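The values are calculated or read from the model by the stated rules, or taken from the named source; none is laboratory data. Because the structure is predicted, anything quoted here is derived from the model rather than measured. Every residue, glycine as well, gets a Cβ built from its backbone with ideal geometry; the counts of neighbours run over all protein chains shown.
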Amino acid sequence: MQGIRVTVEPDTLDQENRKFEQAALKRPVFLNSVPKSGSHLLRNIVRMFVPVEQQYQAQFIQHQLLNEHLAAFLDERNFLSWGHLMFTDKTAVAVGRVRHILLVRDPHDWVLAQARFFLSDAFQGGVEFLKEGTLSVEAILNMMIFGIAEKTPPLASTFAYNALAWLGTGVHLVRYEDLIVALSDLDGDEAASFFKQLLDACGIEQPKDWKERVVIGADRKQSGTAREKLTGVGVTLPDELPELQRQMIEFAAPKLRKILGYA
């Protein structure tokens, strides 16, 4: 996609971060994700456990910008960085020695999240026709599944290169839905285990005040892409993906949900 512009509100997490004692990372960490899978939520939570000086905030790294931001992975300061990197020979080499976290989302919910984002004022990238009110909801959802010619890739390609191809390469897989469940009951054993595994994968020792840090990082007011901030959506999308579109996903990307652990 060319000419994409995404408007995101700034947060105050740097200031919040400095209220806590932080331990330096000993290896670089990269938070990779399928677009529209809760990237900002995961990033904001992990940011609360890493010194601000070790956070690579110059860019949300994507494959077309990789050569300009290799320092995020190679600099001896051991940065925490984030972005959407597709699996290629160059990206695999670039992140070959970093701690690699991979965030995914159930394709059923991803279609709705992607549609909601494209319909919002936050996104401008050659798909403004979606906002004109001439298309049915079903047509918009189908475009999220099968792609828009010369503008957006189909769901199958997005998940194949941003998720499936990374599996088995040493990444720590995080499902958005598991993250949400953990956040819903931070006092529970499941949440403690979830965040311990996440922090271990990042090379971070879980501090005693981890819950407080998670609450701050997960605060929706700190996320510029939280659902309630995506203004301008003139189309009413369903809360759940219709059955026909679910079948379309199974046709377009057989076994995708099963491989990711959703079926």
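Applying the criterion of being modelled with pLDDT of 90 or more and touching a helix residue (DSSP H, G or I) at 6+ places or on another chain (Cβ under 7 Å) to the residues of segment 125-141, the residue that is farthest from GLU240 (Cα to Cα) is ILE140. Among the residues of segment 135-175, those identified as hydrophobic (A, V, I, L, M, F, W, C), assigned to a strand (DSSP E or B) and farther than 16 Å from ASP109 by Cα are ILE148, LEU173. Of all residues in segment 60-113, those being within 20 Å of ASP178 (Cβ to Cβ) and either in contact with a Cys (Cβ under 8 Å, 6 or more places away or on another chain) or assigned to a helix (DSSP H, G or I) (or both) number 9. Note on segment 105-129: among residues that are among the hydrophobic types (A, V, I, L, M, F, W, C) and free of Cβ contacts under 8 Å to residues at least 40 places away in the same chain, the one that is farthest from PRO35 (Cα to Cα) is PHE129. Restricting SER81, SER33 to those that are surrounded by 15 or more Cβ atoms within 10 Å (Cβ to Cβ), hydroxyl-bearing (Ser, Thr, Tyr), free of Cβ contacts under 8 Å to residues at least 60 places away in the same chain and within 21 Å of GLY217 (Cα to Cα) reduces the list to SER81. Applying the criterion of being part of a helix (DSSP H, G or I) and of a type in the set (A, V, I, L, M) to the residues of segment 114-134, the residue that is farthest from PRO10 (Cα to Cα) is LEU130.
Annotation: of all residues in segment 3-55 being in a loop (DSSP other than H, G, I, E, B) and β-branched (Val, Ile, Thr), the one that is modelled with the lowest pLDDT is ILE4. Examine segment 159-172 for a residue that is touching a helix residue (DSSP H, G or I) at 6+ places or on another chain (Cβ under 9 Å) and more than 30 Å from ALA71 (Cα to Cα), and state whether such a residue exists. Scanning segment 159-172, I find no residue that is touching a helix residue (DSSP H, G or I) at 6+ places or on another chain (Cβ under 9 Å) and more than 30 Å from ALA71 (Cα to Cα), so the answer is no. If I filter segment 51-61 for residues that are without any contact (Cβ under 8 Å) to a residue 24 or more places away in the chain, within 20 Å of ASN162 (Cα to Cα) and surrounded by fewer than 23 Cβ atoms within 10 Å (Cβ to Cβ), do I get at least one hit? No, segment 51-61 contains no residue that is without any contact (Cβ under 8 Å) to a residue 24 or more places away in the chain, within 20 Å of ASN162 (Cα to Cα) and surrounded by fewer than 23 Cβ atoms within 10 Å (Cβ to Cβ). Scan segment 211-245 for residues that are modelled with pLDDT of 95 or more, part of a helix (DSSP H, G or I) and either touching a Leu at 6+ places or on another chain (Cβ under 9 Å) or surrounded by fewer than 16 Cβ atoms within 10 Å (Cβ to Cβ) (or both) and the total you get is 9.
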